[in-house]
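Just below is one structure, and these are the notes that go with it.
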């Protein structure tokens, strides 16, 4: 990921990002291959024997530039050395997500989706009795 894609052209990958993208007025262009998304959506729609739902979390996740492991990552089972941390262009991990944060939200969305599919609205376990 490039800092320019998040509106921070002077940044170094995802290093020292402490806030999500705020007040962005247009969709982010992070070069996602939407053909892959379209293919997955088509396969999910055509699955007849197994019910499959597709929950698109891509755009929501794109805005969380602050949620990557950055230099606080592990390579080949070891923490980065001070020398590696000094070279964020090469060693910053801006692909994986750290906890707590984005994966927690994904889990909450999935949990809500599962509950909404398995319970009638009036008896939903998370709602107070009426």
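The residue that is surrounded by the fewest Cβ atoms within 10 Å (Cβ to Cβ), among those in the range 38-57 that are modelled with pLDDT under 85 and over 30 Å from residue 19 (Cα atoms), is 48.
Just so you know, in the range 82-104 the residues that are more than 25 Å from residue 57 (Cβ to Cβ) and exposed (fewer than 11 other Cβ atoms within 10 Å of the Cβ) include one that is modelled with the lowest pLDDT, and it is 89. Filtering 1, 34, 60 for residues that are touching a strand residue (DSSP E or B) at 6+ places or on another chain (Cβ under 8 Å), under 28 Å from residue 90 (Cα atoms) and either surrounded by 10 or more Cβ atoms within 10 Å (Cβ to Cβ) or at pLDDT below 80 (or both) leaves a single hit, 1. One residue stands out in the range 63-81 among those that are within 11 Å of the chain's Cα centre (by Cα) and part of a loop (DSSP other than H, G, I, E, B): the one that is modelled with the highest pLDDT, namely 64.
The values are calculated or read from the model by the stated rules, or taken from the named source; none is laboratory data. Since the model is a prediction, treat every value here as computed from it, not as a measurement. Reconstructed Cβ throughout: ideal geometry from the backbone, glycine too, with neighbour counts over all protein chains shown.
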